[in-house]
Amino acid sequence: PSDAGGPPGLPGALDGPRLAAAAAEYGTPLWAYDAGTIRGQIDRLRRFDVIRYAQKACSNLHILRLMREEGVHVDAVSEGEIERALAAGYQVGGADEPIVFTADLLNRSTLRRVVELGIPVNAGSPQMLDQIGRAAPGHPVWIRINPGFGHGHSRKTNTGGEHSKHGIWHEHLQESLALVDRYGLDLVGLHMHIGSGVDYGHLESVCETMLKQARLADRDIRAISAGGGLSVPYAPGDREIDTDRYFDLWDAVRRELVSHLGHPVRLEIEPGRFLVAGSGVLAAEVRAQKPMGSNYFVLVDAGFNDLMRPAMYGSNHRVSVLGADGAFRDADARDTVLAGPLCESGDVFTQVEGGDVEPVPLPRTEIGDLVVFHDTGAYGASMSSNYNSRPLIPEVLVDGAETRLIRRRQTVAELLAPELDAQPGSRAAF
Ligand code: LLP
């Protein structure tokens, strides 16, 4: 992602003409990702022993395959994400666990599946330890600790402290270890993730808390995880994270533990957003434009069912406008409210948390132009829904000179099938 001012550029090998060509071929709205940008972000974290991709950020199988080919491991938070990892070629087992399951609860079907596959479980509640222990004594587990404080780009993405449901409360570590002992569970390591889109003022306290908890645990752990949460520049002026400083602080924790335990300790990091946000854009077509009192609205064919972040968190993505020929427009900027096709007033991409619309300067658009929402590679496609019975939209991956369709558009028939097929007594099955 560019963090300079002015009209934002497209990532890597994705340029205006290629985006316009993909939109013409597959229709709009459309997600497009640049593989080289993802590889570049991976390389910035190579000093960590394990980069474990939080696939919730963008779980397309082809993105997961790219991650696997780059030696990146994966985190899964649902049975569906486990199946995605397997379908992308991740193996189960091996010294540093290519797939780990992280959650605050285990539903019955997921419990069966992690036991069957032997996938390590990162436990976010004592009940998870109890349930996995009963089902599979000796199973590998991590303990996710809620350190009592957290931070996020929105209150909704702060995952630490007493207002958050996540992790095992730091004062309950000993009870959790007692469960580990009761069932002879194999404690792999300790994990902490205080939120998504964090500022780095918290980093030192997180590291200190990890060290303190690891000492209190007094177990022969073989790994620690720094969690995810690394922020990316979304707005002009946002700074890039200093990944070397980030690593150095965590490495100091690891070194202390190594000298205490007398054997190597694996240092993991678990980012989602950092790896993919800047690689992706959403392209939508301008279909209507109208003054409404003092506001000027441009309506595009993508809605919050496609890109939910603005409606959910008041997150504003940088936008730019491409003519159908693939050239950026930059003339006659005017304050514009950008909105979608859904039947709700909240279907606005330029809004602040709480829902007030916030016009942004946008070059003059014509019907048929593409509005490009930048830095939407993370929590874009993966948070889309079928609201208003709108099928999920296509995704393309640009890799060097190649543009590949990596998800075709869903059909309306696929939306209707589970209702047409419903039989009394039928159950969901994977
Ligand atoms: N690890 C755990 C345990 C997590 O819960 C998450 C994110 C991550 C890692 C990855 O966090 P990241 O590196 O991507 O910040 N939908 C929101 C973000 C929700 C994050 C949920 N958990 C958004 O669009 O900003």
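Since every read-out is calculated from the coordinates, none of them should be taken as a lab result. Since this is a predicted model, take the numbers as computed values, not measurements. Because the Cβ atoms are built from the backbone with ideal geometry, glycine has one as well, and the counts that use them run over all protein chains shown.
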Worksheet item: For region 337-396, what is the per residue volume of the convex hull drawn over the alpha-carbon atoms, in cubic angstrom?
Response: 132 Å³
Item to complete: Scan around Val188 for amide H atoms under 5 Å from its own, H built in the peptide plane at 1.01 Å from N, and keep only partners 5 or more places away or cross-chain.
Response: Val141, Trp142
Worksheet item: Mind checking the log10 I(q)/I(0) for region 67-116 at q = 0.13, 0.25 Å⁻¹? Debye, one equal scatterer per Cα, no solvent, two decimals.
Response: -0.28, -0.98
Worksheet item: Measuring from label point to label point, each 7 Å out along Cα→Cβ, what is the Arg65 to Cys343 span in nm?
Response: 3.9 nm
Fill in: Table column - 3J(HN,Hα) (Hz), region 269-283, Karplus curve with 6.51, -1.76, 1.60, x for Gly and Pro
10, 9, x, x, 3, 4, 6, 10, 3, x, 7, x, 9, 10, 10
Fill in: Using alpha-carbon coordinates, inclination of helix 16-26 to the longest axis of the chain, degrees
90 degrees
Item to complete: Treating each Cα of region 106-166 as an identical point scatterer and ignoring solvent, apply the Debye formula and state log10 I(q)/I(0) at q = 0.12, 0.21, 0.29 Å⁻¹.
Response: -0.36, -0.80, -1.12
Fill in: Ranked by how many other beta carbons lie within 10 Å on average, peptides 380-393, 162-175 from highest
380-393, 162-175
Worksheet, complete the sentence: Cα-based Rg and Dmax for the chain, in Å, come out at 22.6, 70
Worksheet, complete the sentence: Computed over all unlike Cα pairs, the Kirkwood hydrodynamic radius of region 46-270 in Å stands at 17.7 Å
Worksheet, complete the sentence: Between Val398 and residues 5 or more places away or on another chain, the pairs with built amide H atoms under 5 Å apart involve Tyr33, Asp34, Ala35, Arg404
Fill in: Alpha-carbon centroid distance for the pair region 373-393 / region 344-362, whole angstrom
17 Å
Discussion item. Give the separation of the Cα centroids, region 85-124 to region 186-240, in Å.
Written reply: 21 Å
Fill in: Beta bridges per DSSP with both ends in the chain, % antiparallel, nearest 5
45 percent
Response to the item:
Semi-axes a, b, c in Å (a largest) for region 277-417, each sqrt of 5 times a Cα gyration tensor eigenvalue, come to 23, 19, 14
Fill in: Hydrodynamic radius by Kirkwood, which averages 1/r over all alpha carbon pairs of region 239-307, in angstrom
17.0 Å
Practice prompt. At 0.36 nm per residue, minus the direct Cα-Cα distance, what do Ser205 and Ala178 gain on full extension? Give it in nm, one decimal, please.
Written response: 7.1 nm
Response to the item:
In the neighbourhood of Arg404 defined by beta carbon distances under 13 Å, the net charge of the other residues (Lys, Arg +1; Asp, Glu -1) is -1
Fill in: Burial order of peptide ranges 13-21, 241-249 (average beta-carbon count within 10 Å, highest first)
13-21, 241-249
Worksheet entry | Reachable lysines from Lys165, criterion Cα separation under 27 angstrom, eight or more residues apart if same chain | Lys56, Lys156, Lys212
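Taking neighbour counts of Cβ atoms within 10 Å as a proxy for exposure, in what order, fewest first, do Val348, Val371 appear? Walk me through the intermediate numbers first.
Numbers: Val348 22, Val371 25.
In order of increasing Cβ crowding within 10 Å: Val348, Val371.
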Worksheet item: Size of region 294-369 along its principal axes in angstrom, Cα-based, largest extent first?
Response: 34, 24, 19
Worksheet item: Measuring from the lowest to the highest alpha carbon on each principal axis, how far does region 195-295 reach, largest first, in angstroms?
Response: 68, 23, 23
Fill in: Estimated 222 nm signal from helices in the chain, with DSSP H stretches of n ≥ 4 weighted -39500 (n - 2.57), rounded to 500
-8000 deg cm²/dmol
Worksheet item: Where does each of 55-67, 331-343, 294-306, 34-46 land if you order them by average Cβ count within 10 Å, highest first?
Response: 55-67, 294-306, 34-46, 331-343
Practice prompt. Return a whole-number percent for the relative contact order of the chain, with Cα pairs under 8 Å and 6 or more residues apart as the contact set.
Written response: 19 percent
Worksheet item: Given the C-alpha centroids of region 256-303 and region 137-154, what is the distance between them in whole angstrom?
Response: 22 Å
Practice prompt. Under 14 Å from a label point 7 Å along Cα→Cβ of Glu414: give me every residue in region 339-369 with its amide N that close.
Written response: none
Practice prompt. Compute the length gained on full extension between Ala21 and Asn386: take 0.36 nm times their separation in residues and subtract their Cα-Cα distance, giving the result in nm to one decimal.
Written response: 128.8 nm
